[in-house]
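Participant: Can you read through this structure? Questions will come right after.
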Amino acid sequence: PMLGNCKDESCTQSEIMKFISENFKYPEISKANGVEGRVILEFVIEKDGRVGRVKILLGLDKHIDKAAIEVVESLPKFTPGRQLGKPVPVKYTVPIRCTLG
């Protein structure tokens, strides 16, 4: 993927997590309500390198879930995964930890 010039999955995963932590916007209403915990999302890097099929596997509240989907959908375009020289979709699962303070 184009994130940080990665050549392997663990690098890609850590670059994805870094991007999310730098760009996730904790909703003010969720902060005000003291909502903390973890959201787990799944998404696919499609054959064309775009992020698609984003879904919440474990949600927290509707505001945080929406913010989590938005940050994942804003990931930059990837160099697609390859299998036998052909581009293939690759599924990722990422946790987003939401803590106050």
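The values are calculated or read from the model by the stated rules, or taken from the named source; none is laboratory data. From a predicted model like this one, the values you see are computed outputs, not experimental measurements. For neighbour counting, all protein chains shown are included, and Cβ atoms are generated from backbone atoms with ideal geometry for every residue, glycine included. These area figures cover heavy atoms from the full protein model, side chains too; ligands, DNA and RNA do not enter into them. Shrake-Rupley method; radii C 1.70, N 1.55, O 1.52, S 1.80 Å.
Participant: Within segment 1-61, what whole-number % of the accessible surface is contributed by carbon and sulfur, with the 1.4 Å probe and all protein chains included in the calculation?
Facilitator: Carbon and sulfur atoms account for 50 percent of the accessible area of segment 1-61.
Participant: With each pseudo-label sitting 7 Å past Cα toward Cβ, what's the residue 55-residue 21 distance in nm, one decimal?
Facilitator: For residue 55 paired with residue 21, the spin-label model returns 2.8 nm.
Participant: Hey, quick one: spin label on residue 44, modelled 7 Å out along Cα-Cβ, who in segment 65-100 has an amide N within reach, i.e. under 12 Å?
Facilitator: 88-92
Participant: Any idea how far apart residue 99 and residue 9 come out in nm if each label point goes 7 Å out from Cα toward Cβ?
Facilitator: A separation of 2.7 nm, rounded to one decimal place.
Participant: Take every Cα pair under 8 Å in segment 3-101 that's 6+ residues apart, average their separations, divide by the length, and report that relative contact order as a whole percent.
Facilitator: 34
Participant: Would you kindly enumerate the cysteines in the chain that have no other Cys beta-carbon under 4.7 Å from their beta-carbon?
Facilitator: 98
Participant: What number does the chain give for Rg over Rh if you use C-alpha atoms and the Kirkwood radius?
Facilitator: Computed over Cα atoms, the ratio is 1.01.
Participant: To the nearest 20 Debye, how big is the dipole of the chain about its Cα centre, given +1 on the beta carbon of each Lys and Arg and -1 on that of each Asp and Glu?
Facilitator: Roughly 260 debye for the chain.
Participant: Could you tell me the number of lysine pairs in the chain with C-alpha atoms less than 22 Å from each other, where the two lysines are 8 or more residues apart or belong to different chains?
Facilitator: Final tally of qualifying lysine pairs is 27.
Participant: With each run of n ≥ 4 DSSP H residues scored as -39500 (n - 2.57), what mean residue ellipticity at 222 nm is computed for the chain after dividing by its residue count and rounding to the nearest 500 deg cm²/dmol?
Facilitator: Computed mean residue ellipticity for the chain: -9500 deg cm²/dmol.
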